[in-house]
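To start, the structure itself, in structure tokens.
Read-outs: derived from the displayed coordinates by stated rules, not from any lab. Owing to the predicted nature of the structure, the values given are computational and were not obtained by experimental measurement. Note: ideal-geometry Cβ built from the backbone for every residue, glycine included; neighbour counts use all protein chains shown.
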Amino acid sequence: MYDSLHHRAPAGPVGAMSARAVLASELNGKGRISRIRTLRSDGPLVLRKSNPKGPEPLTRRRHDVARVALAAGTAGPLGGDDYALDVNVGAGSTLVLQEVSAMLILPGQGGAQSKMAINITVEQGATFVWWAEPVIAAHRCNHLHDVRIALAPDARMILREEILLGRHGEAPGDFSSRLRITRGGLALYDQQIAFGPSSDGWDGAAVLGGHRATGSVIAVDPDWVDAPPAAAPFDQNAALTPLAGPGAAIGAVAPDSLELRRLLMRGVTELGPSWAT
Amino acid sequence: MHDETTPRTRALRLGVAGPVGTGKSSVIATICRHLRDEFALGVITNDIYTDEDARFLKSEGVLPEERIRAVETGSCPHTAIRDDVTMNLMAVEDMERDFAPLDIVLVESGGDNLTATFSPALVDAQIFVLDVAGGGDVARKGGPGISGADLLVINKIDLGPHVDVDVDQMVADAEKARGGEPVLPLSRKRPETVEKLCDWVRHMHQTYAKGGHVPVDPGPMAPHHHAHDDDHGHTHSHSHSHSHD
Amino acid sequence: MARTGLGRQAALLVLADGRLPAGGYAHSGGLEPAVAARRVTDMAELEAFLVGRAETAGVIAAAFAAAACARALRDDLSQMPELEAELDARIPSPELRKVSRDLGRQLRRAMSSIHPHPHFADLGPAPHQPIVMGVAAAALGLDAQDAALAILHENNSGAAAAAAKLMPVDPFDVHAILARMAERLDRLAGRAAALAGGPPADLPSPGAPLADIAAEHHRRRDVRLFAS
């Protein structure tokens, strides 16, 4: 499977890329305004500061947030690529991470696996908003997606994840993703999704039921320790569910990305005024 | 253990079984309405679909709503009162714990056929409810509930003339089938019959409280049932769980 | 925990038998809402449903049953609260968390009478079903793989049995699915056992979005045959 001529031994097959981008935010000296402390792009993972255009949605309409966009410098990841993104949201700061476009995961040479590892820590009193664009698992891809988020007990967070099973009309490759969120070191949310020719059962009625898009919005709010949002199955294919800790998950399946986005954003309106868009 | 602690006082667990539509919920409502000032009561309903009976009793306002709880039986009302009583047993134990001390917990079975009777592991005594509208010959046909329940109620006797049933004959048939065990003709519209029902419950509670009542299994409910059901007495089946405190 | 008592294979059959009086018969494992939503309409869809369930909720239940069993066999219940929290984190639907805890309480209530063991009392007020299954398996002298297999089989056969009440099916066809899935369940149980000794945080967490969504809808339906 591996080409004997490859030059970057640890990264896998020929041309495989290894990249590690780093992003960190902090409060400025006066403790009022959030700013970027570290912004290190690497190869295909391009981080760009983007200034708020006005009151920032999902952050109680603050003006003083740090805002960054993640752009893909190249297509991919391709099979064999090994990407990592480390994010630290410093104490008291608010970081909004957005993405410029969808991430298209493509097969590489010889079917090697691509990896994307995202590690996020959100420190005390900090807020993290991650409004990701869809991850598209193209035909014959082989990808492992691993997102770990460690929250301080009083951190706030909201993220959106959207996964598309193949480009339009194509069957997806092998894709496995895990999103694990801990709060104060204790598990709060841990869900994997796996599909593709090497997995079983995902197309059935217990899991995705033939849908080609699935996603979720996870919100964590220390104010919910005492009063979590009520469960709301607001659509046949979507539900808002309070977690066992102060968090809520909006889960949805849909035939396509547009409908998925519509369902997830409708779910966000059920979260209450502190998460107003 | 929180879960299986024996309440300080264990209530009399009184089952109410009988075919669909004979008025089990109404018998329970009647008992609650007339005895709620004398006894601390709780009710567990068993429903085939959802929690209809619990909602009926709550809407009747016969007890505070939190003292009426529903067990969903997965469309197996037989199973829930006989061969797998765990859900009902826990519902009774939870209620006894949550509202201790209770005097009587009434367990209403999901409406089923003539063969459905409570396991003695679940209830201490049971009432089987027939009604005259089901036909005058039902009592004669017998069955474990009719012959073996602690009390057989023949309900809606005021309807006898309208459905061509000779109530006296039906009662006589039932008494014969039961070998002298009590039969109670009942109508909500005849206060003296309601008073007799209440007297029977008072007497049963008194006997139970003095330790003089031994649960009797009306008998297996279907021929394929295993013989050992009969000697699985109540005291035995509780001996383990009551050891925790 | 001493491995005494019933013979191993027979004890496993006792624990995995759908007739074990622990209230499992009142649940369809999500099949009822799937049928109601017309996502399962024929035998092929039933099989896909059952395989999908085994590969998601089944894998999680098996992993936690095995992990609980391994710890109970060592008489070390110190990580049970962490297992409970990790399992909560793997079940987004509050309805499904409640079902798991209801079934866990019921299994403990039943097993406390059937085969008493002091560990049952130490599991907290409402332990999850896989945790209780693991402890019950250990109490019967079974190992982590047995515990995983017992809960995989119990959950799978329970949902399959519900099909007879929910769909126009030939029960032989339903059991043919169970027979075809036997090797899969063995494999999944083996994998669960291999992970049993590791940290709770590393246990698998395969999600099933539609199962969570459907469970919340089911609770709100006026008429239903099964509690879940």
Helix B:24-35 versus the longest principal axis of chain B: what is the Cα-based angle in degrees, 0 to 90, to the nearest 10? 70
The range A:189-256-the range C:92-171 distance, computed between alpha-carbon centres (Å): 24
Report the Cα centroid-to-centroid distance between the range B:148-175 and the range A:127-149 in angstrom, as an integer. 71
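To the nearest whole number, what is the average tally of beta carbon atoms from other chains within 10 Å of the beta carbons of peptide C:153-166?
On the way: counts 0, 0, 0, 0, 0, 1, 1, 0, 1, 2, 0, 0, 3, 1.
Across the residues of C:153-166, the mean count of other-chain Cβ atoms within 10 Å is 1.
To the nearest whole number, what is the average tally of beta carbon atoms from other chains within 10 Å of the beta carbons of peptide B:65-75? Walk me through the numbers before you get to the answer.
On the way: counts 0, 0, 0, 0, 0, 0, 3, 8, 6, 16, 10.
Mean shielding count: 4.
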Unit Cα scatterers, Debye sum, chain C: log10 I(q)/I(0) for q = 0.10, 0.12, 0.13 Å⁻¹: -0.40, -0.58, -0.69
Estimated distance in nm for a label pair at A:Asn51 and C:Asp170, the labels positioned 7 Å out from Cα along Cα-to-Cβ: 7.3
Lysine pairs meeting the criterion (Cα under 28 Å, 8 or more apart or interchain), as found in the protein assembly as shown: 26
Give me the Kirkwood hydrodynamic radius of chain B in Å, from all C-alpha pairs, to one decimal place? 18.0
FRET efficiency for C:Ala10 and C:Gln79, using Cβ-Cβ distance with R0 set to 30 Å, rounded to 0.05: 0.55
Rough spin-label spacing in nm, given labels placed 7 Å along Cα→Cβ, for A:Asp200 and A:Ser41: 4.5
Ordering of C:92-99, C:131-138, C:204-211, A:171-178 by burial proxy (mean other Cβ atoms within 10 Å per residue, highest first): C:131-138, C:204-211, C:92-99, A:171-178
Could you give each residue of the range B:10-18 its phi-based ³J(HN,Hα) in whole Hz, using Karplus coefficients 6.51, -1.76, 1.60 with θ = phi - 60°, and x for Gly or Pro? 8, 6, 5, 9, 10, x, 10, 10, x
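Would you calculate a helix-derived [θ] at 222 nm for chain B, using -39,500 (n - 2.57) for each DSSP H run of n ≥ 4 and dividing by the full residue count, to the nearest 500? Write out the running numbers ahead of the final one.
Numbers: 9 runs with 83 residues, N = 245.
That calculation yields -9500 deg cm²/dmol at 222 nm.
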Chain A: relative contact order as a whole-number percent, Cα under 8 Å and 6+ apart: 13
Sum -39500 (n - 2.57) across every DSSP H segment of at least 4 residues in chain C, then divide by the residue count to get the 222 nm mean residue ellipticity, nearest 500. -20000 deg cm²/dmol
Would you mind giving the mean number of other chain beta-carbons within 10 Å of the Cβ of each residue in C:210-223, as a whole number? 6
Centroid-to-centroid separation of the range B:76-120 and the range C:52-86 [C-alpha atoms, Å]: 31
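With the cut-off at 1.5 for a/c, could you classify the range A:31-275 from its C-alpha gyration tensor as rounded, prolate or oblate? Spell out each step's value before the answer.
On the way: a/c = 1.80, a/b = 1.24, b/c = 1.45.
Oblate, since a/c reaches 1.5 and b/c is not below a/b.
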Can you pull out the trypsin sites (Lys or Arg not before Pro) in the range A:188-277 that DSSP calls coil and that have at most 15 other Cβ atoms within 10 Å? none
Using the basic label-point model (7 angstrom from Cα toward the beta carbon), what is the B:Arg36 to A:Arg61 distance in nanometres? 4.9
Output the peptides B:113-122, C:33-42 sorted from most to least packed, where packing is the average of other Cβ atoms within 10 Å over each peptide's residues. B:113-122, C:33-42
Once fully extended, how much extra length lies between A:Arg32 and A:Ala171, figured as 0.36 nm per residue of separation less the alpha-carbon to alpha-carbon distance? 45.1 nm
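I'd like the FRET efficiency for B:Arg188 and C:Thr41, computed as 1/(1 + (r/R0)^6) with the beta carbon distance as r and R0 of 51 Å, rounded to 0.05. Write down the numbers at each step before the final one.
Values: r = 46 Å, r/R0 = 0.91.
E between B:Arg188 and C:Thr41, to the nearest 0.05, is 0.65.
Relative contact order (percent) for the range C:30-216, with alpha-carbon contacts under 8 angstrom and 6 or more residues of separation? Spell out each step's value before the answer.
Numbers: 269 pairs, mean separation 73.0, N = 187.
Value for the range C:30-216: 39 percent.
For the protein assembly as shown, take N as its residue count and report Rg(C-alpha) divided by 2.2 N^0.38 Å.
Numbers: Rg = 29.8 Å, N = 750, 2.2 N^0.38 = 27.2 Å.
Ratio of Rg to 2.2 N^0.38 Å for the protein assembly as shown: 1.09.
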Could you state the per residue volume, in Å³, of the convex hull enclosing the Cα atoms of the range C:1-133? 117
For chain A, what is the mean residue ellipticity at 222 nm derived from helices alone (per DSSP H run of n ≥ 4: -39500 (n - 2.57); sum divided by total residues; nearest 500 deg cm²/dmol)? -1500 deg cm²/dmol
Taking Cα atoms, how many degrees apart are the long axis of helix C:171-195 and the longest axis of chain C, rounded to 10 and kept between 0 and 90? 40
C-alpha long axis of helix B:86-98 to longest principal axis of chain B, angle in °: 70
Relative contact order, percent, chain B [alpha-carbon distance under 8 Å, six or more residues apart]: 25
Here FRET efficiency (C-beta to C-beta, B:Asp103 to A:Ala102, R₀ 60 Å, nearest 0.05) is 0.35
